[in-house]
Amino acid sequence: MNALSIDTINTLSPYKVTQYEDGTFCFVTDSSIEIFVCFEKDEILQIGESYQLGISNPKGIKSPRDSKIRLTIISIVKEFFKKNQAGLLYICETGDGMQKMRNRLFKYWFSIYGESDEYYFLPMTIYDEEENENYAALIIRYDNPLFAQIVREFTTTINLLNSKP
């Protein structure tokens, strides 16, 4: 992954963002909640480059509706796409049964990409063995040279995961 400019992120972000040596971004909200954002190389898709977007609130503090959180995360993601020709995957954490709520929030935060002429936003549902809904999404720039192949592989992968053995 190409390095992101913390200066560029901070010119767009309402919250001050810092970056750790491991590449993780962090900001603290007006409610003193620490939010971490990371990009991890993903091996699910074999075509092109793809990364998983991780967003975490490790202390689990409930956050009031705060539009500045969304704007800050979007500023980090915009810088990611400015510097990288890669697909960005989001997979909702399922360990605590809150994946449906996380998916709604993620879709709301990133709905601007679904309305964009620059980006393609493809949310999908994955069913586990017990028919529980889990959620994933792909965000990719339309000008990515491997756009069609990456979208096709993501869709095929989700369909394979949803097929019964």
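The values are calculated or read from the model by the stated rules, or taken from the named source; none is laboratory data. For clarity, every value in this text was computed on a predicted model and none was experimentally measured. Positions of Cβ are backbone-derived with ideal geometry, glycine not excepted, and every protein chain shown enters the neighbour counts. With ligands, DNA and RNA removed, areas are computed over all heavy atoms of the protein, side chains included. Shrake-Rupley method; radii C 1.70, N 1.55, O 1.52, S 1.80 Å.
Some observations on this one:
- Qualifying residue in segment 27-36 (condition: under 24 Å from Ile150 (Cα atoms), aliphatic (A, V, I, L, M) and touching an Asp or Glu at 6+ places or on another chain (Cβ under 6 Å)): no
- A single member of Thr29, Thr24, Thr72 is open to solvent by 20 Å² or more (accessible area, probe 1.4 Å) and in contact (Cβ under 8 Å) with a residue 12 or more places away in the chain, and it is Thr24.
- Condition met for Leu45 (touching a residue at least 60 places away in the same chain (Cβ under 8 Å), within 27 Å of Tyr120 (Cβ to Cβ) and touching a helix residue (DSSP H, G or I) at 6+ places or on another chain (Cβ under 6 Å)): yes
- Phe27 meets the conditions (1) assigned to a strand (DSSP E or B); (2) within 27 Å of Thr125 (Cβ to Cβ); (3) in contact with a Lys or Arg (Cβ under 8 Å, 6 or more places away or on another chain) in every case but one. The failed one is (2).
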